[in-house]
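Participant: Pasting a structure below so you can have a look.
Please treat every number below as a calculation from the coordinates, not as lab data. In this text, all values refer to a predicted model and were calculated from it rather than measured experimentally. Positions of Cβ are backbone-derived with ideal geometry, glycine not excepted, and every protein chain shown enters the neighbour counts.
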Amino acid sequence: MFKIIIKDNYDEVSFEAFKVMQETLTSKTNPVLGLATGSTPVGLYKNMIQDHKAQGTSYKNVLTWNLDEYIGIPRSHEQSYYTFMHENLFDHIDIPEENVHVPLGETDDVAKSCVDYEKSMEGHTVDLQVLGIGSDGHIAFNEPGTPFDSLTHVMDLTEQTRQDNARFFDGDIDQVPTCAITMGLGTIMRSKKIVVIATGANKADAVHGMLKGELTTDCPASILQKHDDVVVILDKEAASKL
Ligand code: GLP
């Protein structure tokens with residue numbers, strides 16, 4: 001079931017997402033968060049940092065699992081999702097390092113890394129999963145064609161995704177890794193609540209596919225139609241095809 005909220009601009013979208021986050025943080029003693037990368041959630045993370053500094057909201061009892069990580073660049077790389085999360089959130093709040101989980105893409109045994117990641121989540125249920133959406137309808141790095149019941153797995157990235165993400169790699173698609181380790185769609189669907197954030201006209205088709213399109217692996221985000229608690233926060237451009 002979707003609750004759709006349409007706001008005027010990115011800042012308002014980010015603040016609305018923060019309100020959903022705040023509800024989870026204040027209503028649970030040990031909140032479990034699923035976190036996303038990409039440019040979209042940065043505004044949400046800025047709100048969380050500001051609130052932590054101004055109101056003292058603590059993350060000492062919070063556990064986090066991130067959605068995905070590139071394969072082929074080290075964690076220390078400036079564009080790794082591990083680095084991204086530290087720079088944009090973890091380094092600015094009081095979350096203990098042992099409470100944060102980011103899939104390990106820097107490994108000789110990526111199959112083991114996938115199994116280990118699923119195991120690390122055993123006994124925990126994500127209270128709130130933050131999601132962005134790719135212009136091809138992917139969530140996390142689950143590209144079109146990914147089975148709905150998939151668990152953490154390795155994914156070859158589509159040309160479109162690599163093109164979209166080239167802006168983080170000096171605009172050079174050749175520098176963008178060709179594959180990634182990602183939570184599966186089945187993994188994501190276990191979350192109790194999901195908040196999807198999308199802004200900009202280049203997300204309009206994907207947003208339409210997620211909310212109004214047919215339930216198909218061609219649009220991985222359409223699986224969210226089967227979840228019973230999804231809040232979708234959009235700006236007018238992302239909502240323009242609804
Ligand atoms: C990447 C991430 C996704 C994210 C998507 C959209 O592919 N793996 O989790 O949702 O990009 O990113 P952006 O928010 O930068 O548009």
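Participant: Name the trypsin sites (Lys or Arg not before Pro) in region 46-85 that are in a loop by DSSP and that have at most 14 other C-beta atoms within 10 Å, would you?
Facilitator: Those satisfying the criteria are 60.
Participant: Now for a different question. I need the shape label for region 192-236. Rule: rounded when a/c is under 1.5, else prolate if a/b > b/c, else oblate, with a, b, c from the alpha carbon gyration tensor.
Facilitator: Here region 192-236 falls in the oblate category.
Participant: Give, in nm to one decimal, the length gained when the segment between residue 79 and residue 58 is fully stretched (0.36 nm per residue of separation minus the Cα-Cα distance).
Facilitator: Going from the current span to full extension adds 4.9 nm.
Participant: Here is a further query. Once you keep just the Cα pairs under 8 angstrom separated by 6 or more residues, what percentage relative contact order results for region 117-205?
Facilitator: 42
Participant: By how many nm would the segment from residue 214 to residue 154 grow when fully extended, if each residue of separation counts as 0.36 nm and the alpha-carbon distance is taken off?
Facilitator: So the extension gain works out to 19.1 nm.
Participant: Length gain on complete extension for the stretch residue 124 to residue 29, per 0.36 nm per residue less the alpha carbon to alpha carbon distance?
Facilitator: 32.9 nm
Participant: Counting other Cβ atoms within 10 Å, which GluC sites (Glu not before Pro) in region 135-242 have at most 13 and lie in a DSSP loop?
Facilitator: Answer in residue order: 214.
Participant: First select every other residue whose beta carbon is under 11 angstrom from the beta carbon of residue 227; then total the charges, Lys and Arg +1, Asp and Glu -1.
Facilitator: Cβ neighbours under 11 Å give a net charge of +2.
Participant: Once amide H atoms are built 1.01 Å from N in the peptide plane, which residues 5 or more positions from residue 129, or in another chain, come under 5 Å H to H?
Facilitator: Amide H neighbours of residue 129: 34, 193, 194, 195.
Participant: Ranked highest first by average number of other Cβ atoms within 10 Å, how do 167-178, 15-26, 110-121 line up?
Facilitator: The densest-packed peptide leads the list: 15-26, 110-121, 167-178.
Participant: In whole Hz and in residue order, list the ³J(HN,Hα) couplings for region 58-67 that follow from phi through the Karplus curve 6.51 cos²θ - 1.76 cosθ + 1.60, θ = phi - 60°; x for Gly and Pro.
Facilitator: Going residue by residue, I get 9, 10, 5, 9, 9, 10, 10, 10, 7, 6 Hz, with x marking Gly and Pro.
Participant: Could you calculate, for region 129-212, the ratio of the Cα radius of gyration to the Kirkwood radius, expressed as Rg to Rh?
Facilitator: 0.96
Participant: Cα to Cα, under 18 Å, and not fewer than 8 places away if on the same chain: which lysines meet these conditions relative to residue 236?
Facilitator: 3, 7, 203, 212
Participant: Which FRET efficiency value, to the nearest 0.05, is calculated for residue 42 and residue 242 with the Förster distance at 22 angstrom and r the Cβ-Cβ distance?
Facilitator: 0.35
Participant: Taking only the C-alpha atoms, wrap a convex hull around region 1-74 and report its volume per residue in Å³ as a whole number.
Facilitator: Given the Cα convex hull of region 1-74, per-residue volume reads 136 Å³.
Participant: While we're here: Given region 11-135, what whole percent of its Cα pairs are spread farther than 25 Å?
Facilitator: 22
Participant: With a cut-off of 8 Å between alpha carbons and a minimum separation of six or more residues, what is the relative contact order of the chain in percent?
Facilitator: This gives 26 percent for the chain.
Participant: Under the Kirkwood approximation applied to all pairs of distinct alpha-carbon atoms, what is the hydrodynamic radius of the chain in Å?
Facilitator: One decimal place: 17.8 Å for the Kirkwood radius.
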